[in-house]
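S.K.: Below you'll find the structure I mean.
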């Protein structure tokens, strides 16, 4: 059977972590109970003391305890827990991890989990799991399990939920992953408005012997893709959907940060870049759109998503940003422009068709792209078969 790390603040949540540890043992697995508390003495006996964890991260635990600064303690133990847990995983000493917590416990537990590889079983039972978990999950596959009630004692409701969470991590560690293939990997960015393009290009690329990983350009999707490209796993990039830059520039909710489109350049990975969906900025329900955008052109994608059309000024700046990001690439790269539409809804006759804005976007790309980088203009909409084929065949050519 497997060995599972149960990590938490055993001074304030000792009984709860001990309860989960016993459930895991009852399923036949071994447990490594790790204390990352920094206050009073642990209420259950850990297998790994807080002093051992602190030492692994170079943390002066005695000094922190003397200052009684909870914020400092959480920050320090978050770092140390990640160092210690990563060492256990790298050595093959644990095959899964589960943690329980409120604000501080969630910060420490998820910080440690973010140091672990994608695919390693990670379960975080948290009072914060029903809110915005992006800062806690980051780019990793952490399962956020809502605690419903506070993690404060084992009661009629928490007994059920903690049991299910223990069952989840037990199931994850014993589940065998079917064998796949070892085809070289290509990363592709996609949105609902570029789906047909990416699917068509993927068929061509997979027919040529590659496996294509598709990432949804929702901010987190772009960050995850950038991380995998930077890890060295990716052989080529089909960056059809650079829309996250529209949100980053204008203030939408799906920005991927200022380093989006940098990993492929630094890694020298062959890349295709298109201005896919730079016509749209994402907001939530209509009531969430900032008042300063009153009078702009909107499209209600669904009850939870409101799209705003980028204007000519914004598009000119987006074209400059795209070109300057590409200019820094050290490997083979080409920029492709679908002249008739950069998304489904920007085609002639559609809600976001704006010839002036598109001209500003394309003009800025032409103006700022450095000489020597291929700029291929295709008289087609982004989702037409001909454009998808040019994207795929150009990428294959760069990878040769």
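S.K.: Part of a loop (DSSP other than H, G, I, E, B), assigned by TED's automatic domain parsing to the domain that holds residue 242 and touching a residue at least 60 places away in the same chain (Cβ under 8 Å): which single residue out of 330, 394 fits that description?
M.R.: The conditions single out 330.
S.K.: Now a separate question. Identify, please: which residue in the range 44-77 is in a loop (DSSP other than H, G, I, E, B) and at pLDDT 95 or above and is, among those, surrounded by the most Cβ atoms within 10 Å (Cβ to Cβ)?
M.R.: Going through the qualifying residues, I end up with 46.
S.K.: How about the range 256-307: which strands (runs of 3 or more DSSP E) wholly inside it have at least 3 residues that are under 15 Å from residue 243 (Cβ atoms)?
M.R.: Strands (runs of 3 or more DSSP E) meeting the threshold: 280-283.
S.K.: Would you mind finding the one in 109, 102, 119, 96 that is surrounded by fewer than 23 Cβ atoms within 10 Å (Cβ to Cβ), within 19 Å of residue 36 (Cβ to Cβ) and touching a residue at least 12 places away in the same chain (Cβ under 8 Å)? Talk me through it step by step, then tell me what you get.
M.R.: Working: 109 fails: surrounded by fewer than 23 Cβ atoms within 10 Å (Cβ to Cβ); 119 fails: within 19 Å of residue 36 (Cβ to Cβ); 96 fails: surrounded by fewer than 23 Cβ atoms within 10 Å (Cβ to Cβ).
It is 102.
S.K.: Right, residue 252: in contact (Cβ under 8 Å) with a residue 12 or more places away in the chain, buried (at least 20 other Cβ atoms within 10 Å of the Cβ), in contact with a strand residue (DSSP E or B) (Cβ under 8 Å, 6 or more places away or on another chain) and more than 26 Å from residue 329 (Cα to Cα) or not? Working first, answer last.
M.R.: On the way: in contact (Cβ under 8 Å) with a residue 12 or more places away in the chain: yes; buried (at least 20 other Cβ atoms within 10 Å of the Cβ): yes; in contact with a strand residue (DSSP E or B) (Cβ under 8 Å, 6 or more places away or on another chain): yes; more than 26 Å from residue 329 (Cα to Cα): yes.
When the stated conditions are applied, residue 252 passes them.
S.K.: Give the range 216-249 a look and list any residue that's outside any loop (DSSP other than H, G, I, E, B) and more than 20 Å from residue 334 (Cα to Cα), or say none. Working first, answer last.
M.R.: Initially, the range 216-249 is screened for residues outside any loop (DSSP other than H, G, I, E, B), giving 216, 220-231, 234-239, 241, 244-249.
Correct list: 216, 220, 221, 223, 224, 227, 228, 231, 246, 247, 248, 249.
S.K.: Something else now. Report whether or not residue 162 is modelled with pLDDT of 95 or more, surrounded by 18 or more Cβ atoms within 10 Å (Cβ to Cβ) and over 22 Å from residue 15 (Cα atoms).
M.R.: Details: modelled with pLDDT of 95 or more: yes; surrounded by 18 or more Cβ atoms within 10 Å (Cβ to Cβ): yes; over 22 Å from residue 15 (Cα atoms): no.
So residue 162 fails the test.
S.K.: Determine if the range 97-105 includes at least one residue that is in a loop (DSSP other than H, G, I, E, B), within 30 Å of residue 178 (Cβ to Cβ), at pLDDT below 95 and in the same structural domain as residue 17 (by TED's automatic domain parsing).
M.R.: no
S.K.: So, residue 224, is that one modelled with pLDDT under 95 and crowded, with 19+ Cβ neighbours inside 10 Å or not?
M.R.: yes
S.K.: Further question on the same structure: Do we have any residue at all in the range 79-87 that's assigned by TED's automatic domain parsing to the domain that holds residue 120 and under 15 Å from residue 169 (Cβ atoms)?
M.R.: Quick first cut of the range 79-87, residues assigned by TED's automatic domain parsing to the domain that holds residue 120 only: 79-87.
Within this subset, residues satisfying the condition of being under 15 Å from residue 169 (Cβ atoms) are 85.
Checked the range 79-87: at least one residue is assigned by TED's automatic domain parsing to the domain that holds residue 120 and under 15 Å from residue 169 (Cβ atoms).
The values are calculated or read from the model by the stated rules, or taken from the named source; none is laboratory data. Note that this is a predicted model, so its numbers are computed, not measured. Note that each Cβ is placed from the backbone with ideal geometry, even for glycine, and that neighbours are counted across all protein chains shown.
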